[in-house]
Amino acid sequence: MIGYISGRVLEVAEETAIVDVHGLGYELSCSSGTLSFLQSSETAELRVYTHVREDAIQLFGFVSLVEKQLFLSLIKVNGIGPKMAMAILSAAPYSQLIQYIEDGDVRSLTKLPKVGKRKAEQIVLSLKGQLVIDEATSDAVKSTEFPARKDIISALVNLGFKLNDVEQVVETMEPHLDMQEGVRRGLALLTANF
């Protein structure tokens with residue numbers, strides 16, 4: 001099983017990216033947030049989920065551990081496969097998705113692609129209060145490992161961008177970025193995608 005990939009970003013398409021690891025190109029299905037991050041990066045470090053079927057082996061890539069954990073929780077819900085889980089992750093920032101689930105907000109969940117009322121109710125029933133994403137991991141990604149996160153969000157919101165859009169972009173950034181580099185990258189992504 002492949003759980004992590006680090007290499008050079010070769011190509012970014014609509015739903016996939018190819019990462020070159022010492023001359024071997026790995027094609028990974030990624031969320032729109034991860035793909036946006038990869039478009040502005042020469043290199044990438046991705047958490048990976050390996051999905052094995054009789055007729056194919058698929059790799060799913062995530063720029064953050066929290067995004068991968070939410071993906072793993074979603075595919076445990078009856079009727080949600082990896083492709084659908086990735087479509088859900090592409091539709092909203094993972095912090096928002098977690099909020100919908102914890103609030104039991106079926107109405108907001110039905111606005112996500114391929115999620116009808118029944119499926120939304122199933123997601124809430126299966127995951128509310130059961131998400132594998134513990135607060136320690138979430139906080140570590142958001143603050144300890146990414147000290148400039150709050151400052152980057154604040155700066156981008158003060159420049160006139162919507163908080164939801166800013167959070168979606170900042171969630172795709174590498175945690176070691178300083179404020180200046182984070183704001184620069186955030187501006188590039190926000191003006192290109194929103």
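If you take every DSSP beta bridge fully contained in region 4-62, what fraction is antiparallel? Give it as a percent rounded to 5.
Values: 21 of 24 bridges.
About 90 percent, rounded to the nearest 5.
If I model a spin label at ALA192 and HIS51 as a point 7 Å from the Cα along the Cα→Cβ vector, what separation in nanometres do I get?
Between ALA192 and HIS51, the simple spin-label model gives 2.5 nm.
For region 1-98, what size does the Cα cloud have along each of its three principal axes, sorted from largest down, in whole Å?
Ordered largest first, region 1-98 gives principal extents of 38, 33, 21 Å.
Under a straight-distance cross-link criterion of Cα-Cα below 16 Å, which lysines are reachable from LYS111, leaving out those fewer than 8 residues away in the same chain?
Of all the lysines, those that pass the test against LYS111 - Cα under 16 Å, at least 8 places apart if same chain - are LYS119.
When a/c is below 1.5 the answer is rounded, else prolate if a/b is larger than b/c, else oblate, so apply that to region 66-133 with a ≥ b ≥ c taken from the square roots of the Cα gyration tensor eigenvalues. Can you show the working numbers first?
Numbers: a/c = 1.19, a/b = 1.08, b/c = 1.11.
In terms of gyration-tensor shape, rounded.
On alpha-carbon atoms, Rg over Rh for region 2-48 using Kirkwood Rh? Intermediate results must be reported in sequence, preceding the final value.
Numbers: Rg = 9.3 Å, Rh = 10.3 Å.
Reported Rg/Rh, Kirkwood definition of Rh: 0.90.
Could you compute the net charge surrounding LYS117? Neighbours are other residues with a C-beta less than 15 Å from the C-beta of LYS117; K and R count +1, D and E count -1. Intermediate values should be presented prior to the final figure.
Working: positive: ARG107, LYS111, LYS114, ARG118, LYS119; negative: ASP105, GLU121.
Local net charge: +3.
Tell me the label-point distance for the pair GLU14, SER95, using the 7 Å Cα-to-Cβ offset, in nm and rounded to one decimal.
With each label point 7 Å from Cα toward Cβ, the separation is 3.0 nm.
Could you give the size of the charge dipole of the chain about its Cα centre, using +1 on the Cβ of each K and R and -1 on the Cβ of each D and E, expressed in debye and rounded to the nearest 20? Numbers along the way, then the final one.
Working: 19 positive and 25 negative charges, 143 e Å.
In total the dipole reaches around 680 debye.
So if R0 is 30 Å, what FRET efficiency would LYS111 and LYS76 give, r being the distance between their Cβ atoms, rounded to the nearest 0.05? Provide the component values of the computation, followed by the final result.
Values: r = 22 Å, r/R0 = 0.73.
Approximately 0.85, to the nearest 0.05.
Could you give log10 I(q)/I(0) at q = 0.14, 0.16 Å⁻¹ for the chain, computed by the Debye formula over C-alpha point scatterers of equal weight, without solvent?
Normalising to I(0) and taking log10 leaves -0.81, -1.06.
What percentages, rounded to whole numbers, describe P(r) for region 154-194 computed over all alpha carbon pairs with 10 Å bin width beginning at zero?
So the P(r) values, bin by bin, are 31, 63, 5.
On a straight-distance basis, which lysines could pair with LYS114 in a cross-link, Cα separation under 24 angstrom, same-chain partners fewer than 8 positions away excluded?
LYS68, LYS76, LYS83, LYS128
Set Lys and Arg Cβ to +1 and Asp and Glu Cβ to -1, take the dipole of the chain about its Cα centre, and tell me which of TYR26, ALA155, VAL166 lies farthest positive.
Highest projection toward the positive end goes to VAL166.
Would you calculate a helix-derived [θ] at 222 nm for the chain, using -39,500 (n - 2.57) for each DSSP H run of n ≥ 4 and dividing by the full residue count, to the nearest 500? Display every interim value, and only then the final one.
Working: 10 runs with 91 residues, N = 194.
So the helix-based figure for the chain works out to -13500 deg cm²/dmol.
No lab work stands behind these numbers, since they all come straight from the coordinates. This one's a predicted model, so the numbers in the text were calculated from it and none came from an experiment. Note that we place each Cβ from the backbone using ideal geometry, even for glycine, and neighbour counts take in every protein chain shown.
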